[in-house]
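So the structure is just underneath, and the comments pick up after that.
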Amino acid sequence: PRHVREKLEKYDLVKTSDPENPVNVDGELADRFFKAGYELALELGMLCETTDRIIKVSEEELETAIKAAPAELTIGVGDDATVLKARTPSDPYPSKFGASLGITTSEDVWPALTEGIARQHEVDVLEGGSLKSIYGLDVIPSTPSETLVGFEQAKMHVKIREKAGRPGMGGIGQISAVTEYGQFGGYGLPGALKTTDLSLILFPSELKVNYQTLHKVVHTINVGGMIFAGSPAMIGGMPGPPEGAVLSCIACSLLQYPILQADVGGGEIY
């Protein structure tokens, strides 16, 4: 929190959030936020909770990773595929829509609900809800039940896209993977989510990582997949006010490229 406050003061960002103007298009203000977040990323790095050590990157490493990030990616295959492109403010290339962001869903409702989402052509990439049970049994993290739900849900995910008439539609997963085991069971295996789908790798807020996350990274790279990383910043949490959450979000979004080898960077604010 101290480092965030220092950056907010250094770049005159304190109380710049305006609830009456939630979509601020002040380019100069955006530049100051980015510079502050960039400095925060280099100064703090990420804390590895497993080892209680800090992972730091140099400015050269950060710049190299950002430049190496793909300018565009094809998610899915054939006519149903979606091309994601790096966009800038006022970019004419349309944004893409993924749904349904992993909302916890009952096992009996999940197939029909997910199929309904897949049939909406406004949805470009299918994620679907997360399951807390499989075959009526509660899924317990880091147990075989998590590996099982990873595989079974991934199989349903593939079949649902076919049933919806969009077999080549891109997907995101494994959304029910609380730890690495669900990812091992559901991504890059025959019959499961394909390497043309995005491998979802979320890391803890704020500016943290752990071996569970890094196992997912290594697994995705090993099978030749694409990494979709992200970590929501929390208003009122460690970074404090909305302005602090923005700085944390920027720092996390930058660091996921050199540390998590992200192909697609994610970062939102809750």
* Of the residues that make up the range 1-14, is at least one at pLDDT below 95, exposed (fewer than 13 other Cβ atoms within 10 Å of the Cβ) and not assigned by TED's automatic domain parsing to the domain that holds Ser130? -> yes
* Pick from Ser231, Ser248: which is touching a residue at least 60 places away in the same chain (Cβ under 8 Å), polar (S, T, N, Q) and either under 17 Å from Glu127 (Cβ atoms) or assigned by TED's automatic domain parsing to the domain that holds Thr64 (or both)? -> Ser248
* To do: Determine, yes or no, whether Lys56 is among the basic types (Lys, Arg) and surrounded by 17 or more Cβ atoms within 10 Å (Cβ to Cβ).
  => no
* To do: Please find, within the range 186-216, the residue that is nearest to Leu84 (Cα to Cα) out of those that are under 12 Å from the mean Cα position of the chain (by Cα) and hydrophobic (A, V, I, L, M, F, W, C).
  => Leu198
* **Number of positions in the range 137-154 that are exposed (fewer than 15 other Cβ atoms within 10 Å of the Cβ) and charged (D, E, K, R)** => 1
* **Candidate set from the range 161-192 (those that are β-branched (Val, Ile, Thr) and either free of Cβ contacts under 8 Å to residues at least 24 places away in the same chain or surrounded by fewer than 22 Cβ atoms within 10 Å (Cβ to Cβ) (or both)); member that is nearest to Lys216 (Cα to Cα)** => Thr179
* To do: Answer yes or no: is there a residue in the range 125-136 that is surrounded by fewer than 11 Cβ atoms within 10 Å (Cβ to Cβ) and closer than 25 Å to Ser176 by Cβ.
  => yes
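The values are calculated or read from the model by the stated rules, or taken from the named source; none is laboratory data. In this text, all values refer to a predicted model and were calculated from it rather than measured experimentally. Quick reminder, even Gly has a Cβ in these numbers, built from the backbone with ideal geometry, and neighbours come from all protein chains shown.
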